[in-house]
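See structure below.
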Amino acid sequence: MKTSIPSQMKAAAIDRFGGPEVLGMKTVAVPPVGPGEVLIQVETAGVGSWDAAEREGEMESLKPGKSSFPYVLGTDGAGTIVAVGEGVKIRQVGDRVYGSGFLNDKGGFFAEYAVVKADNTALVPKGLSAEQAGVLAADGITALQGVQDALNVRQGMSLLVYGASGGVGHLAVQLARRLGARVLAVASGPDGVELVKRLGAEKAVDGRGGEDVAKVIRDFAPDGLDAALVLAGGEGREPALKAVKKGGHIAYPHGVEPEPRAPEGVKLTAYNGESNAEVLTRLNRLIEAAPFHVEVFQVYRLDEAGRALEAASKHHLGKLALRIH
């Protein structure tokens, strides 16, 4: 069944860079589909902490060209493919997919339709809802590339996930457990501790709760930790990282502020979460191996995108979502 594709769509977009006041509902052109790309009718989109920075123009230095307006935000989302570009073999019209397009010059997922490279999409994993799929791509890729590609987490390793109850962190806890690691999770707030325990962390501690994190780590790994994935700042972080043993490894995605420092004799790796067909295939395989949970803290309507961006900067677990269709 062919869906008729309109020429225009509703989107949460900006006409200039700036504060919350620049984001509003607009009617914009549906983006054209080029070779190697797919057009997705968006059901849900993820709301990231970086969306506000993008709205303010802080990401411009990362782009090859200058942005044009109206500018549609939204790095990742999920929906149904309604058109495929020339040369696309891996996807077809009717596929339910999730995907991402960081700083995409054809616009983001805060819209009724989005165009991304076919290689940056994957079929929605079995067992996930539309909201869960919509918030998965960017954080799932960042989590997997942290635990598997940067840290080479494997059976029997002891891993600290610092910032474990956030979007990337709660996925990293589950992926690391699936790869056989023992996980100590430093989460935010009692609700964060409860979440990561439920997701399989052997030990969980509130990074802001006044508990002696260093002591908890010593009890968990008396000989020191093998590795740490750092996803947040906070005053308890440096003492926690001192527990990584010589020959161990600390990794963090670019954008974590302030950047962590490694103790002497410990390797430090900064990385970007970068989408491609291979990493999405691996992510789906691990997710579908057993029941998997993607924490969607709250769902907003598309016309509430401004409120969602504001909420993304405050305490929440997992990820926030926008429901488009």
Exercise. When you scan region 239-258, how many residues do you find that are charged (D, E, K, R) and surrounded by fewer than 14 Cβ atoms within 10 Å (Cβ to Cβ)?
Worked result: 2
Problem set entry | Condition met for residue 229 (in contact (Cβ under 8 Å) with a residue 24 or more places away in the chain, in contact with a Leu (Cβ under 7 Å, 6 or more places away or on another chain), closer than 30 Å to residue 111 by Cα and aliphatic (A, V, I, L, M)) | no
For this session: Sort out which residues of region 259-282 are of a type outside the set (A, V, I, L, M), open to solvent by 60 Å² or more (accessible area, probe 1.4 Å) and in contact with a strand residue (DSSP E or B) (Cβ under 6 Å, 6 or more places away or on another chain), and write them in order of number.
Result: 267
Exercise. Hey, among the residues in region 255-308 that are of a type in the set (Val, Ile, Thr) and at pLDDT 95 or above, which one's farthest from residue 90 (Cα to Cα)?
Worked result: 266
For this session: Return only the number of the condition from (1) open to solvent by 30 Å² or more (accessible area, probe 1.4 Å); (2) on the phi > 0 side of the Ramachandran plot; (3) small (Gly, Ala, Ser) that residue 209 does not satisfy.
Result: (2)
Exercise. Here are 218, 208: which of them is out of contact with any Gly (no Cβ under 6 Å at 6 or more places or on another chain), in contact (Cβ under 8 Å) with a residue 24 or more places away in the chain, in a loop (DSSP other than H, G, I, E, B) and of a type outside the set (Val, Ile, Thr)?
Worked result: 208
Problem set entry | Residue that is nearest to residue 185 (Cα to Cα), among those in region 297-322 that are part of a strand (DSSP E or B) and under 17 Å from the mean Cα position of the chain (by Cα) | 318
Exercise. Under the condition of being open to solvent by 10 Å² or more (accessible area, probe 1.4 Å) and touching a strand residue (DSSP E or B) at 6+ places or on another chain (Cβ under 9 Å), which residue from region 105-118 is nearest to residue 275 (Cα to Cα)?
Worked result: 117
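The values are calculated or read from the model by the stated rules, or taken from the named source; none is laboratory data. Bear in mind that the values here come from a model prediction, so they are computed numbers and not experimental data. Cβ sites come from the backbone with ideal geometry, for glycine too, and all protein chains shown count toward neighbours. Ligands, DNA and RNA are excluded from the accessible area calculation, which covers all protein heavy atoms including side chains. Shrake-Rupley method; radii C 1.70, N 1.55, O 1.52, S 1.80 Å.
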